[in-house]
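Take a look at the structure below.
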Amino acid sequence: MPQRTLSWIASIVVLILVGTASLFAYDRMLQPLRPTVEDDQTLRNRIGELCWRTEPAAAAQVEQALSQLRDRTPREDFVAMAADAGNLPVLDVLLRNGYSVDGIYRDQTPVFRAATARQERAVRYLVGRGATFAKRPRRAESPLYAAIYANDIRMVLTLVELGVSLDDPISLMNHLRTSEYQALEAAGIRCRTETITPLMCAARFDRSELVLCLLYRGANPNARSAQGRTALEYARLLGSKRSQKLLANATLLNEIR
């Protein structure tokens, strides 16, 4: 092969290599400027993390991530996490993007989760956006019970102010301790079929401040359980002495109201 031909071939090869290297370098230079295309699972993981972050930028990042989702079917876990964290800006973004204020996640509504986490501002915000205390899965308890179990009188007052039912019954088996179960069964109560009111629940734990609060706010001391017992009878059965005194004088307390 003539020397001139070899020279031409070598020049062409060099040009191809140089051009390829230049294109590769140019592509690397532009890469940071290109928007990263992420799959839905990565985006959802990021949104879940942002639900717990309360800095101002988090809400904007959630909005951006939601806009990049291919499958935009609302997932109730995001609202639940934001309610747990009391993250009002993120809650606002989620609700504006079609997420439900009453969506159920793990048998709990957002307002129930906010009440359990003692997020008073989130409870008020959710109710203001249309959340209802009546919306909950079958056999699930009212947020009021969660506040009573936590002995959170401030949350009890908030929930009552916002319109939660004071006489909404639940199963006695909810949060029933073994020692209580044995004592009540020995007293002739069939725990698995019994229902109680919030006032009976507070009396069970002898939380006299909550008993007084519920009575003052209008709880019915004469309401009866599924098996015909009152809050006073439960206080007596479980030895709740302070609650017994308040409930025994409930008529006088109602007159003071």
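Residues checked against (1) surrounded by fewer than 14 Cβ atoms within 10 Å (Cβ to Cβ); (2) over 14 Å from A147 (Cβ atoms); (3) in contact (Cβ under 8 Å) with a residue 24 or more places away in the chain; (4) not polar (S, T, N, Q):
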| position | (1), (2), (3), (4) |
| --- | --- |
| N174 | no, no, yes, no |
| E180 | no, yes, yes, yes |
| G188 | yes, yes, no, yes |
| T193 | yes, yes, yes, no |
| L214 | no, no, yes, yes |
| N220 | no, yes, yes, no |
| G228 | yes, yes, no, yes |
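Identify the single condition in (1) in the same structural domain as G228 (by TED's automatic domain parsing); (2) farther than 22 Å from G239 by Cα; (3) surrounded by fewer than 20 Cβ atoms within 10 Å (Cβ to Cβ); (4) under 20 Å from the mean Cα position of the chain (by Cα) that Y149 does not satisfy, given that it satisfies every other one.
Unmet for Y149, out of (1) in the same structural domain as G228 (by TED's automatic domain parsing); (2) farther than 22 Å from G239 by Cα; (3) surrounded by fewer than 20 Cβ atoms within 10 Å (Cβ to Cβ); (4) under 20 Å from the mean Cα position of the chain (by Cα): (2).
What tally of residues in the stretch 44-76 results from selecting those that are in a helix (DSSP H, G or I) and within 20 Å of S100 (Cβ to Cβ)?
Step one: filter the stretch 44-76 for residues in a helix (DSSP H, G or I), giving 44-50, 56-68, 76.
Remaining after also requiring within 20 Å of S100 (Cβ to Cβ): 44, 47-48, 50, 59, 62-63, 65-67, 76.
Selection size over the stretch 44-76: 11.
Could you list, in sequence order, all residues of the stretch 180-218 that are small (G, A, S) and part of a loop (DSSP other than H, G, I, E, B)? Outline the logic, then answer.
Of all residues in the stretch 180-218, those small (G, A, S) come to 183, 186-188, 202-203, 208, 218.
Once the filter is applied, which keeps residues that are small (G, A, S) and part of a loop (DSSP other than H, G, I, E, B), the stretch 180-218 yields A187, G188, G218.
Residue-by-condition table, conditions (1) in a loop (DSSP other than H, G, I, E, B); (2) in contact with a Gly (Cβ under 9 Å, 6 or more places away or on another chain):
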| residue | (1), (2) |
| --- | --- |
| A114 | no, yes |
| R118 | yes, yes |
| R121 | no, yes |
| L126 | no, no |
| A131 | yes, no |
| A147 | no, no |
| T158 | no, no |
| V164 | yes, no |
| M173 | yes, no |
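If you go through the stretch 73-90 one residue at a time, do you hit one that is of a type outside the set (G, A, S) and over 16 Å from the mean Cα position of the chain (by Cα)?
Applying the first criterion (of a type outside the set (G, A, S)) to the stretch 73-90 yields 73-79, 81, 84, 87-90.
Retained after the next criterion (residues that are over 16 Å from the mean Cα position of the chain (by Cα)): 73.
Yes, the stretch 73-90 contains a residue that is of a type outside the set (G, A, S) and over 16 Å from the mean Cα position of the chain (by Cα).
The values are calculated or read from the model by the stated rules, or taken from the named source; none is laboratory data. Bear in mind the structure is a predicted one, so any value in this text is a computation, not a measurement. Don't worry about glycine lacking a Cβ; one is built from the backbone with ideal geometry, like all the others, and counts go over all protein chains shown.
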